[in-house]
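Trainee: Take this structure first; my questions come after.
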Amino acid sequence: MLKAADPILRFDPEAHAYYLGGRRVPSVTQVLAQLEDWSKVDQVALELARVRGQHIHRMVELDVHGNLDEDTLAPEYRGYLRQWRRFLAETRFKPLLAECQVFDERYGYAGTFDLAGTLGTRFVLVDVKSGLVPRTVALQTAAYLGAAVQRGKFPASAERAALRLHEDTYRFFPIESSFALDLGDFVAALRLHAWRERNLTTGERNA
Amino acid sequence: MPETLDIPAELREHAQAQAAPEQAQHWLQVAQSYQIDDDDMFAAAGDELRNIVTMARDIEAQRKAITAPMDEAKRRVMDFFRVPLERLGQAESLLKQSMAGYQRLQLQRAAEARAKAEAAAAEQRRAQEAAAAEQRAREAEAQAERDRLQAEAEAQMQKAIDTGDAQAMAQAEQTMAAAAAVQAAPVEHPAQIEAPVAAAVVPLPPRAAGVSVRTVWKARVLDKSAFIRAAAGRPEIEAILEVDEGRLNQFAKATAGKANLAGVTFYEEPVVSARRRTGS
């Protein structure tokens, strides 16, 4: 099992910033944030959901690598762990990569995808969600897969999916839309993000 | 209160016979009045008993004198009609037997057709089950091959990820595609036999105007002992058995009550007989 980190990509966890050859590049999440409107959602609840998502992703990563010490797992995450393992048992999904940092030099973006592995006789890149599955997940997974293919981390023939984990259930969402079209849409969003970065002030971008 | 009997028209000319009910009533009252509690009363009762027996014989003789000609007339009429009725009965019986025989034949043919269809269906089921078993075996074989290729593809992909070897990744994709392409060869299933259920349907009995033909369930005892054992303790079946008490009494008499028969008690009952008076 490889926790891949390309030598010319640097990630600053404090600032949650990716640097490619010394140049900061937007993350997949930052690019897609402009397409989502979370302004009407309670900010405290949003922050709690974000923290919970981070913990669940970490839990999945440690479990994939066989390093999860369940005794240290907070009780509120045990249901999520049960559902994650139930997903593995029921679908026989076999992870090959977890929390893998990738970047795309052509378009200039980076990100960390959650999982890639096999599901039966298919290679699948999976994004794990602990809350709602947004419509942008198709663009998100296309961006990750595009970067993974470019970096030789995963094949272009791979399928994409989202896995929603709840405390008492899980749901697997195969993404049926075209990889090429979704990647094209992501690149368009990336260009829009770059334009906004160039032409709008911070206040304007957040408005 | 003595019972009043209507005198039939046939007895209007027989005055003595008309007196019979009254006489009988008298002797009944005599018998009812007796309480035998000493030897004299016992002797007197015996005397009355002989009178009663004599009276009964007399009345019976009167009855026979009147009914004998009637019985004779009836016998002649019966004899007259017996032959034509017997012939008609024979005719009816012949036709009924023929019709029932025809129906039995039809039912037998239907049963044979049903048995044949069921045998064919059973044979087809066996063949289909064998084909299904063969298909399952092939599926298992294909699954094993898919699993093998899938594991190989996963190992190749892991290696490609670890080394960044594009050729290894292409090889992993090819291996995985080969795994996905593994299919069990279909087993040729036996041809469907034409509508075996339809052949098993019993045809309706043939119809003749004014005549109904139907079947009824009947029973025949094949093993009487087994039947008696089966009936024991089952009131609804015990009710079917009828004890021939006349023959049972004969058995009691023949064995002088010494036989040991479960469920039966043997006992003695005094029987009084009286001779009728002569010359009356």
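Trainee: Just the residues that are touching a Ser or Thr at 6+ places or on another chain (Cβ under 9 Å) and either modelled with pLDDT under 90 or among the acidic types (Asp, Glu) (or both), please, taken from region B:122-155.
Mentor: B:Glu152, B:Glu154
Trainee: So if I check each of B:Ala44, B:Ala56, B:Ala17, which one is surrounded by 12 or more Cβ atoms within 10 Å (Cβ to Cβ) and at pLDDT below 90?
Mentor: On inspection, the qualifying residue turns out to be B:Ala17.
Trainee: OK, next. With respect to A:Arg135, determine if the residue is within 14 Å of chain B (Cβ to nearest Cβ) and surrounded by fewer than 20 Cβ atoms within 10 Å (Cβ to Cβ).
Mentor: no
Trainee: Moving on. Taking the criterion of being closer than 23 Å to B:Thr278 by Cα, part of a helix (DSSP H, G or I) and of a type in the set (Lys, Arg), would at least one residue in region B:48-59 satisfy it?
Mentor: yes
Trainee: If a residue has to be in a helix (DSSP H, G or I), within 26 Å of A:Arg92 (Cα to Cα) and of a type in the set (A, V, I, L, M, F, W, C) to count, how many in region A:40-73 make the cut?
Mentor: Selection size over region A:40-73: 5.
Trainee: What are the residue pairs meeting all of these: first residue in region A:180-192, first residue touching a residue at least 24 places away in the same chain (Cβ under 8 Å), second residue outside any helix (DSSP H, G or I), Cβ atoms under 6 Å, and 6 or more apart or on different chains?
Mentor: A:Val187/A:Tyr107; A:Leu190/A:Tyr107; A:Leu190/A:Tyr109
Trainee: Let me ask another. Touching a residue at least 40 places away in the same chain (Cβ under 8 Å) and of a type in the set (Val, Ile, Thr): does that describe A:Val51?
Mentor: no
Trainee: Counting only residues that are of a type in the set (Phe, Trp, Tyr) and farther than 24 Å from B:Ser212 by Cα, how many does region B:71-115 have?
Mentor: Within region B:71-115, residues that are of a type in the set (Phe, Trp, Tyr) and farther than 24 Å from B:Ser212 by Cα number 2.
Trainee: Mind counting the residues in region A:130-164 that are out of contact with any helix residue (DSSP H, G or I) (no Cβ under 7 Å at 6 or more places or on another chain), modelled with pLDDT under 95 and not in a helix (DSSP H, G or I)?
Mentor: So the count comes out to 5.
Trainee: Sort out which residues of region A:88-124 are of a type in the set (Val, Ile, Thr) and part of a strand (DSSP E or B), and write them in order of number.
Mentor: Result: A:Val102, A:Thr112, A:Thr118, A:Val124.
Trainee: A follow-up question, please. Kindly evaluate B:Gln135 against the criterion of being polar (S, T, N, Q) and either under 60 Å from the mean Cα position of the chain (by Cα) or farther than 14 Å from A:Gly120 by Cβ (or both).
Mentor: For B:Gln135, the condition - polar (S, T, N, Q) and either under 60 Å from the mean Cα position of the chain (by Cα) or farther than 14 Å from A:Gly120 by Cβ (or both) - is met.
Trainee: Across region A:9-50, what is the total count of residues that are modelled with pLDDT under 85 and surrounded by 11 or more Cβ atoms within 10 Å (Cβ to Cβ)?
Mentor: 2
Trainee: While we're here: For A:Thr72, are the conditions met, namely being within 17 Å of A:Ala161 (Cβ to Cβ), of a type in the set (Ser, Thr, Tyr) and more than 13 Å from chain B (Cβ to nearest Cβ)?
Mentor: no
Trainee: Among A:Ala162, A:Ala158, which is out of contact with any Asp or Glu (no Cβ under 8 Å at 6 or more places or on another chain) and either touching a residue at least 24 places away in the same chain (Cβ under 8 Å) or within 14 Å of chain B (Cβ to nearest Cβ) (or both)?
Mentor: Testing whether each residue is out of contact with any Asp or Glu (no Cβ under 8 Å at 6 or more places or on another chain) and either touching a residue at least 24 places away in the same chain (Cβ under 8 Å) or within 14 Å of chain B (Cβ to nearest Cβ) (or both) leaves just A:Ala158.
Trainee: Output the residues belonging to region B:147-187 that are within 7 Å of chain A (Cβ to nearest Cβ), in a helix (DSSP H, G or I) and either surrounded by fewer than 20 Cβ atoms within 10 Å (Cβ to Cβ) or within 60 Å of the chain's Cα centre (by Cα) (or both).
Mentor: Across region B:147-187, the qualifying residues are B:Glu154, B:Gln158, B:Asp162, B:Ala166, B:Glu173, B:Ala180.
Trainee: Identify, from the list A:Phe87, A:Phe179, the residue that is away from every other protein chain (no Cβ under 14 Å), over 15 Å from the mean Cα position of the chain (by Cα), buried (at least 16 other Cβ atoms within 10 Å of the Cβ) and under 24 Å from A:Tyr18 (Cβ atoms).
Mentor: A:Phe179
Trainee: Does region B:129-143 contain at least one residue that is at the interface with chain A (Cβ under 9 Å from one of its Cβ atoms) and surrounded by 13 or more Cβ atoms within 10 Å (Cβ to Cβ)?
Mentor: Looking through region B:129-143, none of the residues is at the interface with chain A (Cβ under 9 Å from one of its Cβ atoms) and surrounded by 13 or more Cβ atoms within 10 Å (Cβ to Cβ).
The values are calculated or read from the model by the stated rules, or taken from the named source; none is laboratory data. Here the structure is a predicted model, which is why all the values come from computation and not from measurement. Neighbour counts are summed over all protein chains in view; Cβ atoms, including those assigned to glycine, are modelled from backbone coordinates with ideal geometry.
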